[in-house]
Structure formats: C-alpha cells, structure tokens
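Visitor: Questions regarding the structure given below will be posed in turn.
The values are calculated or read from the model by the stated rules, or taken from the named source; none is laboratory data. Remember, it's a predicted structure, so these values are computed and weren't measured experimentally. Cβ placement follows ideal geometry from the backbone for every residue including glycine, while neighbour counts extend to all protein chains displayed.
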C-alpha cells in the first residue's frame, strides 16, 4: 500500500516514495531571488488571472527544503533544481521590539508510522521543527494541526486541512508570520475614498496618501517605489504597470536580472504616492505549480523519499499554501501557512513624481539583507 506524506505551508503536502536510486550531484547554494521568481511565475500561471494572489516563496522554500532533505536520486535532483540550489533553513529573521517575523516548522506523524532518527534529528537541528506523533484516524489530529497554524499566524490562518486521508502518514507544516510598521507611516487623516480600476470591476477604495522622499524608479514603463519597514531590514516594493499592460505580461517578465536591475535603478525622489488599503487572502493547491517548476517524480510511484523513513513506498500527495496580507496606514501584517534606506540627496529640487496605485499592481515584501522574498502579491480587484 502506498503511504502519503502531507505537507502544509501554513500549507501542506503529502509524500509517497519508491523507485531506483542514484546519487544526485551536489549543488552550490544558488540565488534565492531566482528561485522566488520561478515560484511566483509558476503559481501565477496556474490560477485565474483576474484573481488577487498572495503567496510566500519563502514559506514554500522552507517546506520544500525539508522534503528535499529526505529525498534521494532523481527526486532530490528535481527539488534541488527547483530550489535553485538553495536550502531554506530555520534562522533568525531579524525581528525586534516593533517588527515580528516568525517562521516555524512542524512534522505531524501517524502513530503507525516511524521516521528515520537521522531525519528527525535533522529536522529538529536545522529547521527547529516540532516533531509529534498523533493518531491520524482521530479527527482531533486535524484540529490540533489547524490550531497550531492559527497560534503561529496570530489567528490569521485558522484552517489549512479539513481531513486526513487513510494513506496519509505525515504532515509537514511551515507557518510564516510578518507584522511590521512602516518606517514612515501614512497619515490616516489623508486617506480618502477614490476609484480603483480593477480588471473585472470599478470600485471605491480607501486610498492612502503620502508625499515624501522615497526610493523610486521607472523601469520598462512601470513605476516602482520602496516602502521600508522599521528596523531597516525589510521593505515592500510596489510595482505599478502602465495603463493597458496585461498583468500576465508583467508577471512573465519577472526574473532575477529584471528584479535586481529594477531595484538598482531606485533613486531618492520626492513622490506623491497614493495606494489603497489592501486585505487579501489566497488558498492554493501547489501541485501543478511545483510540477511546472520541475518537481514531478515526487508525486509519482517512482518517488524516492527513503531518507525520511524505511517504511514505504512514499510519495508526495498534496502541497497547499494559505496566505494573508493586510496593508494599512500603519504597516503590514502578513501570514503564510511560506536594509534599504531612504537616500536623501542635496541636489537641486526637482518636480515631485506622482504614483497613483489605482489599478492592478504587484508587491514584494523582501528581506533586503538576505535577498529573500517573504511574500509576493498581485492585486487585481478590490
């Protein structure tokens, strides 16, 4: 009988393994940005283009890394290539008194199944993971997993699974929570009703406003602005395409080179920025997106997860991700169950730039020290 592993990225996935083994080549650690861009493009291509999309490349990267550590042969090679040689381990994400950034991991194992000691030790040491044995036939286990997700996302993600099938033997979960105030908040008294021209509808939104010196650039017809959070390590980048440009084309242009070139073009300019309050949530099954990234064998009977357990065969059943983001005058709160400084210049004052985010746009919440994209989003309608 095939056994499945289920993994959650305040999400989930499930595994099954078997098949021939060979030694995968060692990969040098690669670019996390390149992996993130591949993940964003793959996910965006598999969902309705008119829907809002909030995803966490980082949360997915941690969960996939945990699986990769238990994979062998072709299965491991596919994980390594999809992750661009990166392994996302549990680490200090640099929170402080005002910025909360937590990434936590857990492995839930059926009491009729056992993991290799080496894998358990690796999960606890490198990923600081909670490893717990539960009766998967008991509905209380589903409740316990969902309660764990809710606890570690400040109640923003309260349910990631609704049931555990009879062949599921392990659930792997990464929960990522981010809550940070802007370094320079928007003044609430300036927020006013304004139109938002969505891809499907016109709506009236609460539009925030701030006029100040900001890191700003125009790249390939798009406007780009950086909004740093307190502490200097994290920033949100807002990318506003020109009117009439299809968002699918914008996402298609994303690459490591394009991302770094656009950020390198940022300069301190006086900007009149108007952008809407946002509250969005996305729930996704990532199986097709991961296959598009090259993780194919893991979902088949040829999968090799022999590094996780002797019992088997094992294969990946499902990978789910739920993400939540709220953007307001004070800052950003984001969850997934997956320092730039303002440069002031002394040059002669130039006319200020207007950037009005009143149509579909893209955002990234980035760890500027380590080039990790914690969250990314595409807002199409409000």
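Visitor: Pick out, from the stretch 125-200, the strands (runs of 3 or more DSSP E) lying fully within it that include 2 or more residues that are at pLDDT 90 or above, under 19 Å from residue 54 (Cβ atoms) and touching a strand residue (DSSP E or B) at 6+ places or on another chain (Cβ under 7 Å).
Guide: Counting at least 2 such residues, we get 168-181.
Visitor: For the list (1) in contact with a helix residue (DSSP H, G or I) (Cβ under 8 Å, 6 or more places away or on another chain); (2) surrounded by fewer than 20 Cβ atoms within 10 Å (Cβ to Cβ), I need the number of the one condition that residue 95 fails.
Guide: (1)
Visitor: Suppose we filter 214, 275 for residues that are outside the structural domain of residue 48 (by TED's automatic domain parsing), closer than 14 Å to residue 357 by Cα and under 26 Å from the mean Cα position of the chain (by Cα); which single one remains?
Guide: Being outside the structural domain of residue 48 (by TED's automatic domain parsing), closer than 14 Å to residue 357 by Cα and under 26 Å from the mean Cα position of the chain (by Cα) holds for just one of 214, 275, which is 275.
Visitor: From the list 256, 249, 329, which residue is surrounded by fewer than 23 Cβ atoms within 10 Å (Cβ to Cβ), at pLDDT 90 or above and within 30 Å of residue 204 (Cα to Cα)?
Guide: Of 256, 249, 329, the one residue that is surrounded by fewer than 23 Cβ atoms within 10 Å (Cβ to Cβ), at pLDDT 90 or above and within 30 Å of residue 204 (Cα to Cα) is 329.
Visitor: Just the residues that are closer than 14 Å to residue 67 by Cβ and in contact with a strand residue (DSSP E or B) (Cβ under 8 Å, 6 or more places away or on another chain), please, taken from the stretch 89-105.
Guide: Scanning the stretch 89-105 gives a single hit, 105.
Visitor: Now for a separate question. Could we say that residue 251 is touching a helix residue (DSSP H, G or I) at 6+ places or on another chain (Cβ under 8 Å) and closer than 30 Å to residue 191 by Cα here?
Guide: Against the criterion (touching a helix residue (DSSP H, G or I) at 6+ places or on another chain (Cβ under 8 Å) and closer than 30 Å to residue 191 by Cα), residue 251 qualifies.
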